[in-house]
Amino acid sequence: MLIDHPLLGLRDAAEFVYLGDAALLNRPDASSADALDSFHDYLHLRDNVAGEHRELWYHEQGDRSWLVITRNTLTHAITAVELARDVAMNLREGANS
Amino acid sequence: MADLSLEPESALGGYTQNFGDTHLREVTGLDIVSIAVSSGARDALSTLLQEKIGLPWPATGTIERAGDEAALLGLQADQCFRVSASQQQNPVTELACLVGDAAYLTDQSDSWVVLELDGASSVSALERICPIDLSDNEFGALNVARTSMEHISVIIERPDTHRFRLYSPRSSAHSFLHAVTTSLHNL
Amino acid sequence: MSDRLALPGSHRIGHGLLSSEQSLTFTFNGRPYRAMAGDTLASALLANGQQLVGRSFKYHRPRGIFTAGSEEPNALVELGTGAYREPNTRATMVELFDGIQASSQNHKGPLSFDVMAINDRLSSFLSAGFYYKTFMWPKAFWEKLYEPVIRAAAGLGSLSGEPDPETYDKGFLHCDVLIIGAGAAGLSAALSAGRAGQRVIIADEDFLPGGRLNMETFIVDGLTGAQWAANAVAELRAMPRVRFMTRTTVYGCYDHGIYGALERRTDHLADKPAGARQVLWRIYSKHAILAAGATERSIAFGDNDRPGIMLAGSVRAYVNRFGVSPGRQTAVFTNNDDGWRTAMDLVQAGASVSAVIDSRNIPAPFPVPGAQIFMGSFVTGTQGRLGLHSITLSSGQTVYCDCLAVTGGWSPNVHLTCHQRGRPVWREDIAAFVPGQDLPGNMHVAGAANGSMTLTQALTSGHAVATHVLKELGATTAPASSAPQADEEHSGISALWQVPDCQGRSWVDLQNDVTTKDIALSFQEGFRSVEHLKRYTTLGMATDQGKTSNVLGLGVMASLNGKSIEQTGTTIFRPPYTPVPIGAFAGRSRGKHFRPTRLTPSHQWAESHGATFVETGMWMRAQWYAKSGETHWRQSVDREVTQTRSSVGICDVTTLGKIDIQGADAGAFLDKVYANMFSTLAVGKVRYGLMLREDGFVMDDGTTARLGDRHFVMTTTTANAVSVFRHLEFCRQCLWPELDVHLISATEQWAQFAVAGPNARRLLENIVDAPFDISNEAFPFMACAELSVCQGKPARLFRISFSGELAYEVAVPARYGNALMAALMKAGEAFGAAPYGTEALGVMRIEKGHAAGNELNGQTTAANLGLGRMVSQKKDCIGAVLSRRSQMNKDNAIELVGFIPEDASVSLRAGAHFIDRDAEATLDNDQGWMTSVAFSPDRNSSIGLGFIENGSQRIGETVVAADPLRNEFIPVKIVSPHFVDPDGERLRG
């Protein structure tokens, strides 16, 4: 596979390490009353998507950036690649606004 | 007490070898300092670098270069390497005076072993180990990339069209040298 | 005709495209033969009248050359001798060079009298599924009798049994357009793309590019096809942005335009140059044009497997390209117009054609001088012993011939279009499967591979597809406006799979010996899906992957179940298209070059001082340093431990991961990734840090030093250096992107040495430059400093202890590492300083009760390790919430404690499980396990660390360390995990 890195262009997927569902960006609030449940769900509950899936990849043999990649699990077609840092920042701003 | 002074040793003992029309050598005597931008200081840092060392912040994947032994390699969005001829003093201290709080500096001079490949067979040899497209249009002079070659994390830079520099981690320098010489032998 | 006598081989009727100037010699089964430059082994054997070249896989039937290409099912030979021997080489793909040695395979005794041919008489027992039916009982016979006999009889060819002495390599190529196949369509496409200035790779498996153009007598742009191809190749080779790769098979299509290709570089050379024999390329393409042509298929009729029975297009290839007529009297059996071309070409080349048998009830499309014509007729049987003597027609008439050219039509080579589960579709008009709409991304198909079966169509479609690709690429240079020109040809066909009412067996898959009877049997036994049919009969499962037989098999299957071929469907094609040697997949990654080796900075010193090395991950670390007189590793290790504990020892600990952490929020960041607090750590101090995973289990541990207000250096375990860095980057970029913190690995930058033992400080006082004060008061336990050593060399000093002794770790830039090791030893001479390796390191950490990889196995919690109190309740951190789960804090949890055997002479074993005395060794009685053991010179006994339920409450109790596999049940006493200096007086001293 090839991944179209937002800063570096097309790179072989062999340079990357796969983590999983991009839902891992939404780490729950540890101080909330239901933290135990929300962390359990955050860590263990995943949708097993047949189709478009947003997932985390790490460019370990490259610029060390974490990426959020939208990949079709049926065809491997990649339709979006974002820097996870940007996505995480937007999530924060969304949560704060 | 006996003399306990320490003599520096290069990882490959100053390796140098001709392979037909192509020359491979270990480059020694380089200071390498990682420069990471402190939050929000990107523009300030770029201005400072331009003022103090005459080079702007490099875009990721490119090199800003002045002369043969002074360059900034753009490796990450918020991190670059300064590569310069060794001044025999702590390269971090010297640079810290120039950039102040705008950057976090880490000495990497001993982390990397630098090989230089110069000559007509360079690209053909690198084809055997380097997944990056090294054609002139895609990776011409003043390009830099970090990738994996033979399971080793390698920074490849092209100072000018006929030369490549390959930075491999010091501990696996012998394995990487073997990877490059094997590529030259296998042509 | 006079020069014909000068040509080598009794069946040579002309030059074809070969150069008659260079004559070659080769041997087959030890007998010498002559050939011409440009011959394949197959053409050379046929030129010498050698039709019998092997025995079939199952029935050991005599077999001959069937095709002229990579689809060959029969003519598998062994090449070379000794370690260079290579079995299962297709004679049709072997480019002949002077002195090549080939031999037939798969027979016992001479090729002409194979004793295993008895299998042919037993064929009624060896039908489809015979394995499952015949050898089921008695059960005990399987291992003792059936399997050894079958193993000895089965398989094709034999391996040398020696390591492959050849060199293989891999590589990466990039292009705008990859063109697969350099036949009419491929060359036409390449010319269009190349002339437009695109970066093109064109690959062909043959050594002579041109495909069918070299095997036919067509005219293109006023030139012979072969000449036109040669001109096109020359033009393409001259283009700087075109890479022309012959002898290169594109064998697989992968995601996002990545293709696998095998280039054979030296197989055809008598004198092998230095360098790689074969290179496995990974080709990155923006677009790919598949122009792989088509493969001819046979017709099933009685005894259709004799040597001398060949595909009609292949007979034409031997006549036109190699100047060889495989037979003296050739008959043609066809269901299409193309077969007639074989008859015409033979006659035109001066060879004799005895008959043309066409299954179609139409007027003969061509007159063939000298041949009998049978329209609406079939071949129903053949005769001959080791070759072909005559054939029987459906009319009962006998026709004498020593070669039968058969064609059942052509099947487009759709294989690569299916590598991403594309499904081909049936086209009735050409009786063939063509690529469907579900092609791999940016793949385009041209020529016969796409069902454009005539030369004109191939040339036109190559041009058209290239034009389309150029548009997609946004090329600015306009391509040539028209395609190369050729005359249109006849191409009618009427599908025929199986001749009815034949005598003898009708073969479908020649390589795996599958007959129409096997297919019928499989159908009768209920196998309806083609995938089941394939596996039950093994149709198409041999090394040729059924290139000449799959569609034929489907046709036979379809006629059995009364469905159309379309409804019957196809099996799935997977890479590789043709076999790829395992050696090529391995490439250069052999022996010690399987993976990189990492050397510590003091490697050279260790090597010259008698170190034995151990691989830990990729690192080579000194395991122990044997002194003269020491004959057992334990002697060396015990001495290293004793010397360290009594005076001072030195160990290279560079391999521990070091991560430079800087930023205004570095402290806050560490608070989030460590279970304990770091923002409160004073500059110049070190703290032990415990890192959890988000699920609350322990991930890693290490010490982190604060070198400045905004500057920390973290250490990780050697094994987790990479994964911890990755995790920290995840935390930094994905979880807390607002923090001002930066990470960079400094593992390679600093050579770091542990200096441990009561004399450690005295030793270091010789090393550390004035005025740095390392007295206990100025530099107490858990202090750190940046200072200089050995007359001005930059260094870092940490007062930390893994051994439990008074200890330091001193770091210098890696370039000084080897020298510092020597200097430390020199400075320690007066104290009898000993270098120690990983074994002594391990012994001392076990004696001290420090957890390491065996204890941090991903299933243990801070509480299990006795470190529960380190998980701060004041802050959130990775793993904090889930470490509070009730399951992680249950009452009878396992705890890390020490163990000593009741009998001090007994050795403990890691992995043993703890059970009560007198309890049975069952899972129900399992209370925990031994994680690490060592011989402690201090205790003069074997000691162990391990987890046991409520361990800390059971000190003094005796349990049994059970290892039922080895029948060891050792009574052990539970003790404190701190075997030496439990109060930590030494390391603070």
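Out of B:LEU117, B:LEU73, which single residue is touching a Phe, Trp or Tyr at 6+ places or on another chain (Cβ under 6 Å), crowded, with 22+ Cβ neighbours inside 10 Å and within 14 Å of another protein chain (Cβ to nearest Cβ)?
Result of the check over B:LEU117, B:LEU73: B:LEU73.
Suppose the filter is touching a residue at least 12 places away in the same chain (Cβ under 8 Å) and touching a Pro at 6+ places or on another chain (Cβ under 6 Å); does C:THR417 pass it?
The answer is yes for C:THR417.
If you go through segment A:16-36 one residue at a time, how many are without any contact (Cβ under 8 Å) to a residue 24 or more places away in the chain, within 10 Å of another protein chain (Cβ to nearest Cβ) and not basic (Lys, Arg)?
Count: 7.
Hey, could you check segment C:378-393 for residues that are free of Cβ contacts under 8 Å to residues at least 40 places away in the same chain and open to solvent by less than 20 Å² (accessible area, probe 1.4 Å) and say which is nearest to C:VAL347 (Cα to Cα)?
So the residue we want is C:SER390.
Condition (residue is surrounded by 14 or more Cβ atoms within 10 Å (Cβ to Cβ) and of a type in the set (Asp, Glu)) applied to segment A:29-50: is it met by at least one residue?
Among the residues of segment A:29-50, not one is surrounded by 14 or more Cβ atoms within 10 Å (Cβ to Cβ) and of a type in the set (Asp, Glu), which makes the answer no.
When segment C:672-692 is examined, which residues are found to be under 20 Å from C:ASP740 (Cα atoms) and of a type in the set (Phe, Trp, Tyr)?
Residues satisfying the conditions are C:TYR674, C:PHE678.
Residue by residue, here is whether (1) outside the structural domain of C:GLY817 (by TED's automatic domain parsing); (2) at pLDDT 95 or above; (3) crowded, with 19+ Cβ neighbours inside 10 Å holds:
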{"residue": "C:TRP633", "(1), (2), (3)": "no, yes, no"}
{"residue": "C:VAL641", "(1), (2), (3)": "no, yes, yes"}
{"residue": "C:ALA666", "(1), (2), (3)": "yes, yes, yes"}
{"residue": "C:ASN676", "(1), (2), (3)": "yes, yes, yes"}
{"residue": "C:LEU681", "(1), (2), (3)": "yes, yes, yes"}
{"residue": "C:MET699", "(1), (2), (3)": "yes, yes, yes"}
{"residue": "C:THR715", "(1), (2), (3)": "yes, yes, yes"}
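For C:SER775, state whether it is closer than 29 Å to C:ARG639 by Cα and surrounded by fewer than 18 Cβ atoms within 10 Å (Cβ to Cβ).
Yes.
Quick check on C:SER907: is it closer than 30 Å to A:ASP34 by Cα, open to solvent by 20 Å² or more (accessible area, probe 1.4 Å) and hydroxyl-bearing (Ser, Thr, Tyr)?
no
Would you kindly identify the helices (runs of 4 or more DSSP H) lying entirely within segment C:498-600 that contain at least 2 residues that are at pLDDT 90 or above?
Output list reads C:516-524, C:530-537, C:550-561, C:582-586.
Return yes when B:ARG146 is within 14 Å of chain A (Cβ to nearest Cβ), among the charged types (D, E, K, R) and within 12 Å of the chain's Cα centre (by Cα) and no when it is not.
Here the answer is yes, as B:ARG146 does meet what is asked.
Restricted to segment B:51-70, and to residues that are open to solvent by less than 40 Å² (accessible area, probe 1.4 Å) and within 14 Å of another protein chain (Cβ to nearest Cβ), which residue is farthest from B:THR161 (Cα to Cα)?
Only one residue fits best here, namely B:TRP57.
Could you tell me which of the residues C:ARG706, C:ARG693 is touching a residue at least 24 places away in the same chain (Cβ under 8 Å), open to solvent by 10 Å² or more (accessible area, probe 1.4 Å), away from chain B (no Cβ under 14 Å) and more than 15 Å from C:LEU797 (Cα to Cα)?
C:ARG693
Conditions: (1) under 25 Å from B:ASP136 (Cα atoms); (2) open to solvent by 50 Å² or more (accessible area, probe 1.4 Å); (3) not basic (Lys, Arg). C:GLU263 meets all but one. Number of the miss?
Status for C:GLU263: all satisfied but (2).
Tell me the helices (runs of 4 or more DSSP H) entirely within segment C:114-195 that contain at least 1 residues that are modelled with pLDDT under 85.
Fully inside segment C:114-195 and qualifying: C:118-121, C:130-134, C:147-153.
Pick out the one residue from B:ALA96, B:ALA103 that is within 13 Å of another protein chain (Cβ to nearest Cβ) and crowded, with 22+ Cβ neighbours inside 10 Å.
It is B:ALA103.
Go over the candidates C:ILE201, C:ILE179 one by one and state the one that is hydrophobic (A, V, I, L, M, F, W, C), in contact (Cβ under 8 Å) with a residue 60 or more places away in the chain, touching a Cys at 6+ places or on another chain (Cβ under 6 Å) and buried (at least 21 other Cβ atoms within 10 Å of the Cβ).
Going through C:ILE201, C:ILE179 in turn, the sole match is C:ILE201.
Inside segment B:149-177, can you point out the residues that are more than 11 Å from the chain's Cα centre (by Cα), within 14 Å of chain A (Cβ to nearest Cβ) and of a type in the set (A, V, I, L, M)?
B:MET149, B:ILE152
So which strands (runs of 3 or more DSSP E) are wholly in segment C:337-396 and hold at least 2 residues that are in contact with a Cys (Cβ under 8 Å, 6 or more places away or on another chain)?
Of the strands (runs of 3 or more DSSP E) lying wholly inside segment C:337-396, those with at least 2 residues that are in contact with a Cys (Cβ under 8 Å, 6 or more places away or on another chain) span C:352-358, C:379-383, C:390-393.
Out of everything in segment A:51-80 that is open to solvent by 20 Å² or more (accessible area, probe 1.4 Å) and within 14 Å of chain B (Cβ to nearest Cβ), what residue ends up being farthest from C:GLN420 (Cα to Cα)?
By that ranking, first place goes to A:ARG64.
Answer yes or no: is there a residue in segment C:248-256 that is within 14 Å of chain B (Cβ to nearest Cβ), part of a helix (DSSP H, G or I) and surrounded by fewer than 21 Cβ atoms within 10 Å (Cβ to Cβ).
Yes, segment C:248-256 contains a residue that is within 14 Å of chain B (Cβ to nearest Cβ), part of a helix (DSSP H, G or I) and surrounded by fewer than 21 Cβ atoms within 10 Å (Cβ to Cβ).
Name the single residue that is farthest from C:GLN329 (Cα to Cα) among those in segment C:394-451 being within 14 Å of another protein chain (Cβ to nearest Cβ) and open to solvent by less than 50 Å² (accessible area, probe 1.4 Å).
Ranking the candidates gives C:PRO440 first.
The values are calculated or read from the model by the stated rules, or taken from the named source; none is laboratory data. Computed from a prediction, not measured in an experiment: that's the story for all the values here. When we count neighbours, we look across all protein chains shown, and the Cβ atoms used for this are built from the backbone with ideal geometry, even at glycine. Keep in mind that these areas ignore ligands, DNA and RNA; they rest on the heavy atoms of the full protein, side chains included. Shrake-Rupley method; radii C 1.70, N 1.55, O 1.52, S 1.80 Å.
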